[in-house]
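The values are calculated or read from the model by the stated rules, or taken from the named source; none is laboratory data. Keep in mind that what you see is a predicted model, and the values were worked out from it rather than measured. Here the Cβ positions follow ideal geometry from the backbone for every residue, glycine too, while neighbour counts run over all protein chains shown. In case anyone asks, the SASA skips ligands and DNA or RNA and just uses the protein heavy atoms, side chains included. Shrake-Rupley method; radii C 1.70, N 1.55, O 1.52, S 1.80 Å.
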Amino acid sequence: MKQRTIPEIAAYLLQNDNYIMLTHRRPDGDTIGCAAALCGGLRALGKRAAVWENPQFTDKFRPYLSGLTTDEIPEDAKLVVVDIATAGLLPYGTENYVNRIDLRLDHHGRDLEFGVEGFVDSSAAACGEIVLDLLEQMHAPIDRKIAEALYCAISTDTGCFRYSNVTAKTLRAAAKCKDYGADTFAVNQVMFLTKRLARLKLDAFLTQTTEFYANGKVAVSQIPEQVITDLGITEDDIDDISGFGREIEGVRIGVMLREVKEGGKISVRTAPEYDAAAICAVLGGGGHRAAAGATVPGSLEDAKAAILRALEANGVQL
């Protein structure tokens, strides 16, 4: 990928037309908020733009995508990926488009060969910060809907500004969203202040079954698919479940294991003295220093064994 500047990306978008935004697998608030905001901004500038209908979109984030989605990718469309760290995270149904990615906007430093050109800034707490800068560079009109999509992107990727990835620029970006008309309380109410009873039951299950290693510094939690089914858990219920273990007093490395289509999904959250990305890199994954992930083939027990080996390879004495 050829690294461009924000002004260069802005010029590219203004000079061309017909854009399709792609979000990553198991889409979260950052990828959805970025796609919705960029699509809305481009349309406000008179461009043809749409967000591809990711089959894994959930009800929680649907309001941000209202009127923006399409299930078609025209041959002449320019593909823009937002918050997608690696080609392996392209949404199901677009795997064959990997060589057609025209532009990549991301805040993950891994796999810089992915995409023709783009802008990757690993210092950004959320890709939403990058999209906000880009929209302002293009002088795109930012209305309340776009501002709330951006705020959703930034707030969800920072745990409502609790995580160590938050910078002064992150907070200024959130303030700008408020200035542009975002109802931040309404977003916070949905994203952080409301839980279904099913999720509380899952929290109780994890409280009873989480295993501890390294004298309590490492917590490993597992979510079997049968538990998901029995409790009636939805993807929206577990959007923020990865940080469960790190919220326990004394835990410095929290690991969440979950059964997914590809095998065992591993999510790691770490205190500042540990590097989650380095731990997950042992398993072919990646991410940020404080939050990273990987997926390994096999069962949850296979995933557990794999992450324990990765921890030991990074000097963690279990």
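Yes or no, residue by residue, for (1) modelled with pLDDT of 95 or more; (2) among the polar types (S, T, N, Q); (3) closer than 18 Å to Lys304 by Cβ:
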residue	(1), (2), (3)
Asp203	yes, no, no
Leu206	yes, no, yes
Asp239	no, no, no
Ser267	yes, yes, yes
Revision key, fill the gap. Checked Gln189, Gln137 against criteria (over 17 Å from Leu105 (Cα atoms) and of a type outside the set (Asp, Glu)); the one match is Gln189
Check your understanding: When you go through (1) farther than 30 Å from Arg62 by Cα; (2) of a type outside the set (Asp, Glu); (3) more than 23 Å from the chain's Cα centre (by Cα) one by one for Ala281, which number turns out not to apply?
Key -> (3)
**Study point:** Those residues of segment 102-123 which are farther than 22 Å from Ile154 by Cβ and either open to solvent by 60 Å² or more (accessible area, probe 1.4 Å) or at pLDDT 95 or above (or both), in sequence order
**Key:** Asp102, Leu112, Glu113, Val116
Study note, to complete from the structure: Residues of segment 124-145 being open to solvent by 10 Å² or more (accessible area, probe 1.4 Å) and either among the acidic types (Asp, Glu) or not in a loop (DSSP other than H, G, I, E, B) (or both), in sequence order, are Asp133, Glu136, Gln137, Asp143, Arg144, Lys145
Exercise for review: Report, ordered by the first and then the second residue, all pairs with beta carbons closer than 6 Å, sequence separation of six or more or different chains, a first member in segment 240-260 that is surrounded by fewer than 18 Cβ atoms within 10 Å (Cβ to Cβ), and a second member that is not in a strand (DSSP E or B).
Suggested key: Gly250/Gly216
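Output the residue which, of all residues in segment 166-216 that are part of a helix (DSSP H, G or I) and closer than 23 Å to Pro272 by Cβ, is most open to solvent (accessible area, probe 1.4 Å). First the steps, then the outcome.
Kept after step one, since they are part of a helix (DSSP H, G or I), are these residues of segment 166-216: 168-179, 184-191, 197-209.
From the residues that got through so far, the ones that are closer than 23 Å to Pro272 by Cβ too are 168-174.
Values: Ala168: 60, Lys169: 85, Thr170: 0, Leu171: 94, Arg172: 144, Ala173: 6, Ala174: 14 Å².
The extreme case among them is Arg172.
Every residue, every condition in (1) surrounded by fewer than 16 Cβ atoms within 10 Å (Cβ to Cβ); (2) within 21 Å of the chain's Cα centre (by Cα); (3) within 30 Å of Ala294 (Cβ to Cβ), yes or no:
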site	(1), (2), (3)
Lys2	yes, no, yes
Thr5	yes, no, no
Ile9	no, no, yes
Asp17	yes, no, no
Ile20	no, yes, yes
Asp28	no, yes, yes
Gly33	no, yes, yes
Gly46	yes, no, no
Exercise for review: With the condition kept exactly as written, say whether any residue in segment 58-76 is open to solvent by 50 Å² or more (accessible area, probe 1.4 Å), of a type in the set (Ser, Thr, Tyr) and in a loop (DSSP other than H, G, I, E, B).
Suggested key: yes
Point to revise | Failed condition for Asn99, given (1) free of Cβ contacts under 8 Å to residues at least 12 places away in the same chain; (2) part of a loop (DSSP other than H, G, I, E, B) | key: (2)
Revision key, fill the gap. For segment 277-302, pairs from a residue that is of a type in the set (Ser, Thr, Tyr) to a residue that is open to solvent by less than 20 Å² (accessible area, probe 1.4 Å), with Cβ under 9 Å and 6 or more apart or across chains, are Thr295/Gly263; Thr295/Gly264; Thr295/Ile266; Thr295/Gly285; Thr295/Ala303; Ser299/Gly263; Ser299/Gly264
